[in-house]
Amino acid sequence: MILSLACTQLRMSPAEAITAATINAAHALRREKSIGSLDVGKQADIAVFDVADYREIPYHFGVNLCWMTVKRGRLIHAAEQATV
């Protein structure tokens, strides 16, 4: 929701919105040494979305496109695969 609002109401680009929600938010909380980006020594907090391009993420307001979530290096959510 926040990414959608940032892009539609604040006219931020998807890259700017994602940066604001990740590394800039970590800096605001003074936790940039442990969270906010994918670097050696930081917590492996990752959300993987089922989109062709990262720029699609903010424009799917209210739609859960999260395919997988990893928190501190552990898988906590994985979408079910469709079987045909």
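The values are calculated or read from the model by the stated rules, or taken from the named source; none is laboratory data. All values derive from a computational prediction rather than experimental measurement. With ideal geometry, Cβ positions are generated from the backbone for all residues, glycine too; neighbour counts draw on all protein chains shown. Heads up: the accessible areas ignore ligands, DNA and RNA and are worked out on the full protein's heavy atoms, side chains in. Shrake-Rupley method; radii C 1.70, N 1.55, O 1.52, S 1.80 Å.
Closer than 23 Å to ALA6 by Cβ, open to solvent by 80 Å² or more (accessible area, probe 1.4 Å), of a type in the set (Asp, Glu) and out of contact with any His (no Cβ under 7 Å at 6 or more places or on another chain), is that true of ASP50? So that I can check it myself, show each step before the final result.
Values: closer than 23 Å to ALA6 by Cβ: yes; open to solvent by 80 Å² or more (accessible area, probe 1.4 Å): yes; of a type in the set (Asp, Glu): yes; out of contact with any His (no Cβ under 7 Å at 6 or more places or on another chain): yes.
So ASP50 fits the description; yes.
Taking (1) out of contact with any Cys (no Cβ under 8 Å at 6 or more places or on another chain); (2) among the β-branched types (Val, Ile, Thr); (3) more than 19 Å from CYS7 (Cα to Cα) in turn, VAL63 satisfies each apart from (3). Of the candidates ILE35, ILE23, ILE76, the single residue that is without any contact (Cβ under 8 Å) to a residue 24 or more places away in the chain, open to solvent by less than 50 Å² (accessible area, probe 1.4 Å) and in contact with a Ser or Thr (Cβ under 6 Å, 6 or more places away or on another chain) is ILE23.
For ARG55, the stated conditions do not hold, so it cannot be described as open to solvent by 60 Å² or more (accessible area, probe 1.4 Å) and at positive phi. The residues in the stretch 1-48 that are farther than 21 Å from HIS77 by Cα, polar (S, T, N, Q) and within 14 Å of the chain's Cα centre (by Cα) can be counted, and the count is 3.
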